[in-house]
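Undergrad: Take this structure, written in structure tokens, and hold onto it; I'll ask about it next.
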Amino acid sequence: MFIAVEGVDGAGKGTQISLLNKHFADQGHVVVQTREPGGTAGAEQIRALLVEGAAGRWSAETELLLMYAARQDHVETLIKPALMEGNIVLCDRFHGSSFVYQGVAGGLGMERVQDLDDFVLGGFGPDLELVIDLPVDVSLARASSRAGQETRFESKGVGFLDMVRRGFHDYVARKPQRRHLIDGRGTVEDVHERILDVVRGASC
Ligand code: TMP
């Protein structure tokens, strides 16, 4: 099973992925935890180009191409082999972030992202996508309190991240059988329980 966890920056993905990893490991599964952009040596090098530096460093088109260059390497050298071995792959972001950050907030349109997605992935994607939803003022405060060098996307501002949040709502609505919006408010345990409800109900 291939599960992607998505959401605006600071939505609490990292904590929830760790808890979900433990949940599956306790059941005896081998879990491969990874992230995008990144996950392999080459894709991590591309990640540094994407998440560091000035907000205007890349156009949305270049950003999208870099995301998919990293994704191609990640899918072919890590994700597909792990799935072939029967492992659970838990990925911190996957192509949903491209549809929303570059397609919606970046203005390219979901259709153009879909074209590139078809070319690079040929229909491959997560069995389940969990989108943690949180108001942008709350998530941005969290994201900036732990900011290091990787601040390029946060620095695009509240308006951009608000488009990201609304973009994720639209993204989920397009394939509700596989994509789920998870209310990110409340305690860590509350959110974890909401995620487990969805995972238990998933038919994959
Ligand atoms: P992270 O901080 O959650 O690891 O994500 C890094 C940033 O990259 C985050 O601000 C969202 C952005 N991103 C995109 O814009 N498009 C993508 O396809 C992916 C995977 C991430």
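Undergrad: With each run of n ≥ 4 DSSP H residues scored as -39500 (n - 2.57), what mean residue ellipticity at 222 nm is computed for the chain after dividing by its residue count and rounding to the nearest 500 deg cm²/dmol?
TA: My calculation for the chain gives -15000 deg cm²/dmol from helical runs alone.
Undergrad: Lys80: which aspartates and glutamates have alpha carbons under 14 Å from its alpha carbon, excluding same-chain residues fewer than 8 sequence positions away?
TA: Cα-Cα hits under 14 Å: Asp127.
Undergrad: Further question on the same structure: Considering only the other residues whose Cβ falls under 10 Å of the Cβ of Pro126, what net charge follows from Lys and Arg at +1 and Asp and Glu at -1?
TA: Taking every other residue near Pro126 into account, the sum is -1.
Undergrad: Work from the charge dipole of the chain (Cβ charges, +1 for Lys and Arg, -1 for Asp and Glu, about the Cα centre) and give the residue of Gly106, His95, Phe124 farthest towards its positive end.
TA: Among Gly106, His95, Phe124, the one farthest towards the positive end of the dipole of the chain is Gly106.
Undergrad: Let me ask something else. Check each of the GluC sites (Glu not before Pro) in segment 31-95 and keep only those in coil by DSSP with at most 15 other C-beta atoms within 10 angstrom; list them in order.
TA: Glu52, Glu85
Undergrad: Mind telling me which of Gly106, Gly122, Gly42 comes out most flexible in a GNM of the chain, alpha-carbon contacts under 10 Å?
TA: So, out of Gly106, Gly122, Gly42, the one fluctuating most is Gly122.
Undergrad: With the contact rule set at Cα under 8 Å and sequence spacing of 6 or more, what percent relative contact order holds for the chain?
TA: Averaging sequence separation for qualifying contacts and normalising by length gives 32 percent for the chain.
Undergrad: With 10 angstrom as the radius, rank Thr77, Thr34 by how many other C-beta atoms surround their C-beta, starting from the fewest.
TA: Ascending number of Cβ neighbours within 10 Å: Thr77, Thr34.
Undergrad: Quick one: which residues, 5 or more positions from Gly109 or on another chain, have an amide H under 5 Å from its amide H? H modelled 1.01 Å from N in the peptide plane, none for Pro or chain starts.
TA: Val104
Undergrad: A further question on this structure: In nm, to one decimal, how far is the modelled label at His169 from the one at Asp137, with both set 7 Å along Cα→Cβ?
TA: 1.6 nm
Undergrad: Moving on. Taking K and R as +1 and D and E as -1, what net charge do the other residues with C-beta under 15 Å from the C-beta of Met84 add up to?
TA: -2
Undergrad: Another question about this same structure. Quick one: in the chain, what % of C-alpha pairs are over 26 Å apart?
TA: 28 percent
Undergrad: Another question about this same structure. Which order do Phe168, Phe153 fall in if you start with the one that has the fewest other Cβ atoms within 10 Å?
TA: Listing Phe168, Phe153 from fewest to most nearby Cβ atoms yields Phe153, Phe168.
Undergrad: Shifting gears a bit: Lys156: which lysines have alpha carbons under 23 Å from its alpha carbon, excluding same-chain residues fewer than 8 sequence positions away?
TA: Filter leaves Lys13.
Undergrad: Shifting gears a bit: Can you sort Thr187, Thr40 by how many other beta carbons sit within 10 Å, fewest first?
TA: The most exposed by this proxy come first: Thr187, Thr40.
Undergrad: Another question, if that's okay. What number comes out for the charge environment of Arg174, summing +1 per Lys or Arg and -1 per Asp or Glu over other residues with Cβ under 12 Å away?
TA: 0
Just so you know, all these numbers are worked out from the coordinates, no wet-lab data involved. Computed from a predicted structure; not experimentally measured. Every residue, glycine as well, gets a Cβ built from its backbone with ideal geometry; the counts of neighbours run over all protein chains shown.
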